[in-house]
Structures are given as structure tokens and as C-alpha cells.
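The values are calculated or read from the model by the stated rules, or taken from the named source; none is laboratory data. Since this is a predicted model, take the numbers as computed values, not measurements. So basically every Cβ, Gly included, is an ideal-geometry build from the backbone, and we count neighbours across all protein chains shown. Remember, those area values only see protein heavy atoms, side chains included, never the ligands or the DNA or RNA. Shrake-Rupley method; radii C 1.70, N 1.55, O 1.52, S 1.80 Å.
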Amino acid sequence: MAPAPRVPLADGASIPQLGYGLYKVPAADAARLCLDAIGAGYRHLDTAAFYGNEREVGEAVRASGLPRDELFVTSKVWKDDNGFDSALRAFDASMRRLALERLDLYLIHWPVPSTDRYVDTWRALVRLRDEGRVRSIGVSNFHAHHIERLVDETGETPVVNQVELHPWLPQTALREFDAARGIRTEAWSPLARGRVLGTPLLEALAAKHGRSSAQIVLRWHVQLGNLVIPKASSPQRIRENLDAFGFELDAADLAAIATLETGERTGRDPDDD
Ligand SMILES: NC(=O)c1ccc[n+]([C@@H]2O[C@H](COP(=O)([O-])OP(=O)(O)OC[C@H]3O[C@@H](n4cnc5c(N)ncnc54)[C@H](OP(=O)(O)O)[C@@H]3O)[C@@H](O)[C@H]2O)c1
């Protein structure tokens, strides 16, 4: 299958719009599933220190035989490592596990407002970017007010904000906030961990377009302009999820999907940490 198109980031880099998400992919399976994904046409892998599979992601990147520039790898600094020195150490540890010379995107995984260290973490990421050890830097699970604080205190705007986003939680206000500042919104749990897929409306749209419910939801993300990183555990689903580019939802389909909004989260509210 053709790789997902690359879209530009505000810092001059570009990122494949759809990637393979590795949360809860066991380390024992991760290298094989990443190679399945790369074989299917994925060029973007989303891991994190917390996922326990960075080593295997790095192995797959090397085993793929592709030029390093053709693959986009994201990792994230975990909550416990927020802070300047601890984030720098966490980055070194991630890079030792990945065994890659350079990372494409490094994100603050959660702001954890109760510890009030995310601005210091951000300063560490700015340093890593300025030293050329990571090409792009961004955040995850940041509300608008967390991003405003980063920009006010450092003058540096993240290029990506990876947040929970699916038809139950379309994050309309945050997407508008991000877009106005040149920040790409990236959808985690884009399928609401698979839970939204049996919705009769999505099944009806799937029948209308001759696609699966997962492809309908992923196409919705693509048309909203989201970066999107579905996780799947079989080669067949991995392939199915990449196939979200060869058809178009019309305005009535998009309006129907908008009625699914409930505000329900599958994960935590970032301000509750
Ligand atoms: N930054 C953060 O805090 C954060 C938090 C959560 C996730 N993430 C990232 O976002 C990625 C995706 O999120 P997620 O893994 O939570 O949820 P998700 O991608 O919304 O859903 C994954 C679930 O949907 C199922 N599924 C996938 N494709 C399917 C298909 N075509 N048909 C039917 N079922 C399908 C999977 O089943 P099988 O696995 O059994 O195939 C799995 O149970 C993660 O892997 C991670 O990279 C980031």
C-alpha cells in the first residue's frame, strides 16, 4: 500500500499523517509488528519510554533496511522524569534503548500540573532540539492553558500536541487553538481503543462506503487534518488501518459523525494528575 502522505510541521520538518501506535504492544511482539507495519507501508512509529518497547522499535527501524530519513520515530519523556536534568537523562536512556543516532520527535508525555515541572521539561527539549539530537519537539496531553504557559515562559511553541481524540471526544476547541498557533494535533486512541467501532452509525457509513468502521473513523481523522496513530495487533488490521486515503467522506457523513460527541474520555483528564 502507498505510504501515508507527509504533512509539514511548523519547524520545517514533515511527518507521515498516519502512524503505527505502540502503547500496549508487548516488547516480545513489537519488532515483528513494526516490521509488518513498515512492510504494509507505514513510515511513522509512535513509542514512549513508558511503553517498554523502544528497544524493539529501534531494532525494527534498523532491520527494515530503509534509509533512516524515510522513517519517522516519536518517543516521549514519562511523567516521573519531568524536570530539566531528569528529562535530559530520560532522553539519553531512550536513545540508548532505541540505538538510533537521532530521533524525529520527542514529546512531553503528560504535563502533571501537580508537580509543576513541565516548563523545565520543555526547556530540556528545546536544548535537545538545538543540539540536533532530536529534529522536532512537542507535547502530549496538554490543554491550551498548559501550552500558553510554555510559550509565555520560553517563547518556544511545540509543533505537535498529541491528545486523546476520537468521535466521542473530537476536541474541537483544542484543535482550533492548536491550528491557530501552527501546532499539529495528533490523535491518540483514535478509535477510542476500539470501543467506538460497533456504533450503528459507523457501521452504516462503513456499509455505504464499502469500508470497515475503523477505516471510516480513520478517514474522519484524516479529513479533520489530524495526525493519527492507530494501534493494532494483527497484520490484517495494521494493513486495514493504513487504507484510509483512497476514499472521501461527504459533508453529511461528517455531520453524522459529529453527533457521536459525548465528551467521554478513555483516559485521564490531564489536569487531574
Ligand atoms: N500520549 C498518550 O498519552 C497516549 C495515550 C494512549 C495512546 N497513545 C498512542 O496512541 C496509540 C493508539 O491508541 P490506543 O492504542 O490507546 O487505541 P486505538 O488505536 O484507538 O485502539 C486500539 C484498539 O483498537 C483495536 N483495533 C485496531 N484496529 C482495528 C480494526 N481495524 N478493527 C477492529 N479493531 C481494531 C485494537 O485491537 P488489537 O490490538 O487487538 O488489534 C486495540 O484494541 C497508542 O498505541 C499510542 O501510540 C498515546
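Being within 12 Å of the ligand (Cβ to nearest atom), more than 24 Å from Pro158 (Cα to Cα) and without any contact (Cβ under 8 Å) to a residue 40 or more places away in the chain, is that true of even one residue in the stretch 239-247? Outline the logic, then answer.
Quick first cut of the stretch 239-247, residues within 12 Å of the ligand (Cβ to nearest atom) only: 239-244.
Next, only the ones that are more than 24 Å from Pro158 (Cα to Cα) stay: 239-244.
Those left that are additionally without any contact (Cβ under 8 Å) to a residue 40 or more places away in the chain: 240.
The answer is yes; a qualifying residue exists.
Scanning the stretch 165-197 for residues that are crowded, with 22+ Cβ neighbours inside 10 Å and hydroxyl-bearing (Ser, Thr, Tyr), which turns out farthest from the ligand (Cβ to nearest atom)? Checking each candidate, the answer is Thr185. Just checking, how many residues over the stretch 198-218 are open to solvent by 20 Å² or more (accessible area, probe 1.4 Å) and either within 13 Å of Leu254 (Cβ to Cβ) or basic (Lys, Arg) (or both)? Of the residues in the stretch 198-218, 4 are open to solvent by 20 Å² or more (accessible area, probe 1.4 Å) and either within 13 Å of Leu254 (Cβ to Cβ) or basic (Lys, Arg) (or both). For the stretch 53-69, name all the residues that are in a loop (DSSP other than H, G, I, E, B) and either among the small types (Gly, Ala, Ser) or touching a strand residue (DSSP E or B) at 6+ places or on another chain (Cβ under 7 Å) (or both). Ser64, Gly65 - these are the residues of the stretch 53-69 that are in a loop (DSSP other than H, G, I, E, B) and either among the small types (Gly, Ala, Ser) or touching a strand residue (DSSP E or B) at 6+ places or on another chain (Cβ under 7 Å) (or both).
Summed over the stretch 95-117, the residues that are within 19 Å of the chain's Cα centre (by Cα) and either over 20 Å from Thr47 (Cβ atoms) or open to solvent by less than 60 Å² (accessible area, probe 1.4 Å) (or both) give a count of 12.
The residue that is surrounded by the fewest Cβ atoms within 10 Å (Cβ to Cβ), among those in the stretch 219-258 that are within 16 Å of Leu191 (Cα to Cα) and polar (S, T, N, Q), is Ser234. Taking the numbered list (1) within 14 Å of the ligand (Cβ to nearest atom); (2) in contact with a helix residue (DSSP H, G or I) (Cβ under 7 Å, 6 or more places away or on another chain) in turn, Lys231 passes all entries but (2).
Yes/no per residue for (1) in a loop (DSSP other than H, G, I, E, B); (2) touching a residue at least 60 places away in the same chain (Cβ under 8 Å); (3) farther than 16 Å from Pro113 by Cβ:
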{"site": "Arg135", "(1), (2), (3)": "no, yes, yes"}
{"site": "Val139", "(1), (2), (3)": "no, no, no"}
{"site": "Arg149", "(1), (2), (3)": "no, no, no"}
{"site": "Asp152", "(1), (2), (3)": "no, no, no"}
{"site": "Glu156", "(1), (2), (3)": "yes, no, yes"}
{"site": "Asn161", "(1), (2), (3)": "no, no, no"}
{"site": "Arg175", "(1), (2), (3)": "no, no, yes"}
{"site": "Asp178", "(1), (2), (3)": "no, no, yes"}
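Which residue, of Ala48, Ala63, Ala124, Ala37, is under 30 Å from Arg239 (Cβ atoms), at pLDDT 95 or above and in contact with a Gly (Cβ under 9 Å, 6 or more places away or on another chain)? That would be Ala37, the only listed residue that is under 30 Å from Arg239 (Cβ atoms), at pLDDT 95 or above and in contact with a Gly (Cβ under 9 Å, 6 or more places away or on another chain). Every residue in the stretch 1-52 that is within 12 Å of the ligand (Cβ to nearest atom), of a type in the set (A, V, I, L, M, F, W, C) and assigned to a loop (DSSP other than H, G, I, E, B), please. If the condition is that a residue be within 12 Å of the ligand (Cβ to nearest atom), of a type in the set (A, V, I, L, M, F, W, C) and assigned to a loop (DSSP other than H, G, I, E, B), then Leu22, Val25, Ala48 are the ones that fit.
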